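Asker: Below is a structure I'd like to ask you about.
Only the coordinates and a few stated rules stand behind these numbers; no lab work does. Not measured: the values here are computed from a predicted model. Here the Cβ is made from the backbone with ideal geometry for all residues, glycine too, and neighbour counts use every protein chain on show.
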Amino acid sequence: MKLLDISEVSKQTGVAASAIRHYEEKGLITSLGRRGLKRLFNAEVLDQLALITLGKTAGFALDDIGKMFGPDGRPALSRSSLHLKADDLDRQIDRLSALRDMIRHVADCPAPTHMECPKFQQLIRISNRRKRGREEKKRVPERNNP
């Protein structure tokens, strides 16, 4: 079995060595030893890092990504959590698509100014509601503390 040092792993995966060390500290991957000061990994780490990168791109937290590996370090994906994440991504896509369409309208709106554009005013109202909603969520725990 050929071992890869951290610089080889980084070069092959495009993942920074600092991120590889961080993933090891979090228990997502395991090095097998060292050659001088460089950590050594087996070739399976390439697939593990690909899964970590994919999970991060999909919006999973590192702790959730860690649960995607079985005790042997091989992928052990929860189908239900994948379905939940796919549903969440669908909602994000819908929101972002609506926002994109609104921004395109505002960019091309024939109104004399943006403030006279009804779609722009709607965009401002939506943004303010979301901001107030986030602020409310932050304050709720404070109210519950004695």
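Asker: As an exercise, identify the trypsin sites (Lys or Arg not before Pro) in region 1-69 lying in DSSP coil whose Cβ has no more than 11 other Cβ atoms within 10 Å.
Answerer: Listed in order of number, the matching sites are LYS2.
Asker: Give the label of the value calculated from the structure for Cα Rg over 2.2 N^0.38 Å, choosing from [x] 1.04; [y] 1.55; [z] 1.16.
Answerer: The value computed from this structure is option [y].
Asker: Could I ask something else about it? By count of other Cβ within 10 Å, fewest leading, how are VAL45, VAL106, VAL9 ordered?
Answerer: VAL106, VAL9, VAL45
Asker: On to the next question. Pick out which of ILE52, ILE126, ILE29 has the largest mean-square fluctuation in a Gaussian network model of the chain, springs linking Cα atoms closer than 10 Å.
Answerer: Maximum among the listed residues: ILE126.
Asker: Additional query: Would you mind calculating the relative contact order of the chain from Cα pairs under 8 angstrom and at least 6 residues apart, reporting the percent as a whole number?
Answerer: The value is 14 percent.
Asker: Apply the Karplus curve 6.51 cos²θ - 1.76 cosθ + 1.60, θ = phi - 60°, to the phi angles in region 54-61 and return the couplings in whole Hz, x for Gly and Pro.
Answerer: In residue order, the calculated couplings are 4, x, 5, 4, 6, x, 6, 6 Hz.
Asker: If you average over every viewing direction, what projected area does the convex hull of the Cα atoms of region 79-141 give, in nm²? Provide the component values of the computation, followed by the final result.
Answerer: Numbers: hull surface 23.0 nm².
Value for region 79-141: 5.7 nm².
Asker: Dipole of the chain, Cα-centred, from +1 at each Lys and Arg C-beta and -1 at each Asp and Glu C-beta, to the nearest 20 debye?
Answerer: 440 debye
Asker: Testing the spin-label approximation: label points 7 Å from Cα along Cα→Cβ at ARG21 and ALA76. State their distance in nm.
Answerer: In this crude label model, ARG21 to ALA76 measures out at 3.0 nm.
Asker: Then there's this: Please list 3J(HN,Hα) in residue order for region 15-22, calculated via the Karplus relation 6.51 cos²θ - 1.76 cosθ + 1.60 where θ = phi - 60°; whole Hz, with x for glycine and proline.
Answerer: 8, 4, 4, 5, 5, 4, 4, 4
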